[in-house]
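Q: So that we are looking at the same thing, I have put the structure below in structure tokens.
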Amino acid sequence: MNDIGLKFNEAGLIPAVVQDSSSGKVLMLAYMNKESLDKTLETGFTWFYSRSRQELWNKGATSGNAQKVISISYDCDGDSLLLKVRQTGSACHTGEESCFYRYLDGEAEAQNIGTVLIKLYSRVEDRRSNPVEGSYTSYLFQKGSDKILKKLGEECAEIIIAAKNSSKSEAVYEIADMLYHLTVLMANEGIEYADIAEELKSRYK
């Protein structure tokens, strides 16, 4: 990789920041050497170098929380990498969505719609893969597409009624319900928010 000016440190490593391609959220920081970078480019999934174990490791190989690489860029000095990925499951070994979930200033995480929807999708997908008795989400998946579509149609009608009533609070509540049921439908059909983001980006003028 020296032909593009990457600068590995004295240990032959370069820091790699991993970011969710859909929400923009920073997921983790790890290190790569030339071999792990080559394997990442070759396979399309992230490979890193463990400084503690002194060996290569493939993210998600044991947990299933794999990272499909969307793009890899490097900074102006060539001494760090930015990987945009499509994350499956949690990025952090603690089960958190991101390794950066603690705050020095005590501030709660700023919630943006992208972060919230990605987290919602992850929870919905978990209920699909691991049904829980008494869970409404699991119930919808058990009933199948017809039930999910019926509920989505009902929520759309309720949004229209709320808007006609000029009730912001009611409309917000119904839109949230609609987005939840839409997320269930997407998971049922194997559609991710990253797919929607890519489609919307393709429409930019």
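The values are calculated or read from the model by the stated rules, or taken from the named source; none is laboratory data. Everything quoted here is computed from the prediction, not taken from an experiment. No Cβ is skipped: glycine too gets one built from the backbone with ideal geometry, and neighbour counts run over all protein chains shown. Note: areas computed on protein heavy atoms with side chains; ligands, DNA, RNA excluded. Shrake-Rupley method; radii C 1.70, N 1.55, O 1.52, S 1.80 Å.
Q: Between Met28, Met32, which is touching a Cys at 6+ places or on another chain (Cβ under 6 Å) and at pLDDT 95 or above?
A: Met28
Q: I've got another one for you. Can you spot a residue in the range 25-43 that is closer than 16 Å to Ser98 by Cα, touching an Asp or Glu at 6+ places or on another chain (Cβ under 9 Å) and open to solvent by 40 Å² or more (accessible area, probe 1.4 Å)?
A: There is at least one residue in the range 25-43 that is closer than 16 Å to Ser98 by Cα, touching an Asp or Glu at 6+ places or on another chain (Cβ under 9 Å) and open to solvent by 40 Å² or more (accessible area, probe 1.4 Å).
Q: A further question follows. Out of the residues in the range 1-24 meeting the condition of being in a helix (DSSP H, G or I) and not acidic (Asp, Glu), tell me which one is least open to solvent (accessible area, probe 1.4 Å).
A: The residue in question is Ile4.
Q: Mind listing just one residue for me: the one in the range 10-25 that is free of Cβ contacts under 8 Å to residues at least 60 places away in the same chain and of a type in the set (Gly, Ala, Ser) and, of those, farthest from Ala197 (Cα to Cα)?
A: Checked the range 10-25; the qualifying residue farthest from Ala197 (Cα to Cα) is Ala11.
Q: Which members of the range 136-147 meet the condition of being part of a helix (DSSP H, G or I) and either open to solvent by 90 Å² or more (accessible area, probe 1.4 Å) or not aliphatic (A, V, I, L, M) (or both)?
A: Tyr136, Thr137, Ser138, Tyr139, Phe141, Gln142, Lys143, Ser145, Asp146, Lys147
Q: Consider the range 26-61. How many of its residues are within 13 Å of Ala91 (Cα to Cα) and free of Cβ contacts under 8 Å to residues at least 12 places away in the same chain? I'd like the intermediate steps shown before the answer.
A: Of all residues in the range 26-61, those within 13 Å of Ala91 (Cα to Cα) come to 26-30, 46, 58-61.
Imposing the further condition that a residue be free of Cβ contacts under 8 Å to residues at least 12 places away in the same chain reduces the set to 61.
Qualifying residue count, the range 26-61: 1.
Q: When the range 181-195 is examined, which residues are found to be open to solvent by 40 Å² or more (accessible area, probe 1.4 Å), within 12 Å of Leu117 (Cα to Cα) and either in a helix (DSSP H, G or I) or out of contact with any strand residue (DSSP E or B) (no Cβ under 9 Å at 6 or more places or on another chain) (or both)?
A: Leu182
Q: Here's another thing I want to ask about it. What tally of residues in the range 148-162 results from selecting those that are open to solvent by 60 Å² or more (accessible area, probe 1.4 Å) and farther than 14 Å from Ala176 by Cα?
A: 3
Q: Is there any pair linking a residue in the range 177-190 that is farther than 13 Å from Ser145 by Cα to one that is β-branched (Val, Ile, Thr) and open to solvent by 30 Å² or more (accessible area, probe 1.4 Å), with Cβ under 8 Å and at least six apart or on different chains, and which?
A: Cβ pairs passing all conditions: Met178/Ile159.
Q: For Arg123, indicate whether it is within 30 Å of Phe100 (Cβ to Cβ), open to solvent by 90 Å² or more (accessible area, probe 1.4 Å) and either touching a strand residue (DSSP E or B) at 6+ places or on another chain (Cβ under 9 Å) or in a helix (DSSP H, G or I) (or both).
A: Details: within 30 Å of Phe100 (Cβ to Cβ): yes; open to solvent by 90 Å² or more (accessible area, probe 1.4 Å): yes; either touching a strand residue (DSSP E or B) at 6+ places or on another chain (Cβ under 9 Å) or in a helix (DSSP H, G or I) (or both): yes.
In short, yes.
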